[in-house]
Amino acid sequence: MPTGWWHTTRAAEMHISVAWGQLGPDNRGEFVGDVRSIARHKGGIVLDGAVRTYLAAVGAIAWLRE
């Protein structure tokens with residue numbers, strides 16, 4: 001699937017599936033925005049602040065590894 005394509009699957013029977021996503025510089029901003037939006041909706045400003053801090057740290061580590 002191309003980057004940025006959100007999707008959902010539903011299994012009709014028991015099965016095993018393998019999937020992975022690729023987060024990169026081209027889609028990181030949208031990802032962070034989506035996660036922060038969910039955090040604000042579920043936990044308010046405190047959870048949003050914690051998520052923002054966590055994602056900033058993870059982003060810095062990822063940038064260093066690239």
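Computed from the coordinates by the stated procedures, all read-outs in this text should not be read as laboratory data. This structure is a prediction, so every number in the text was calculated from the model and none was measured. Using ideal geometry, Cβ is built from the backbone for each residue, glycine included, and neighbour counts are taken over all protein chains shown.
Give me the number: length gained by fully extending V46 to A12, i.e. 0.36 nm times residue separation minus the C-alpha to C-alpha distance, one decimal in nm. Mind showing how you got there, number by number?
Numbers: separation 34, 0.36 × 34 = 12.24 nm, distance 3.90 nm.
Residue separation times 0.36 nm, minus the Cα-Cα distance, leaves 8.3 nm.
How far is helix 28-65 tilted off the main Cα axis of the chain, in degrees rounded to 10, range 0 to 90?
Rounded to the nearest ten degrees, it is 90.
Just grab the label-to-label distance for T53 and R28, each label 7 Å out from Cα along the Cβ direction, in nm (one decimal).
With each label point 7 Å from Cα toward Cβ, the separation is 2.0 nm.
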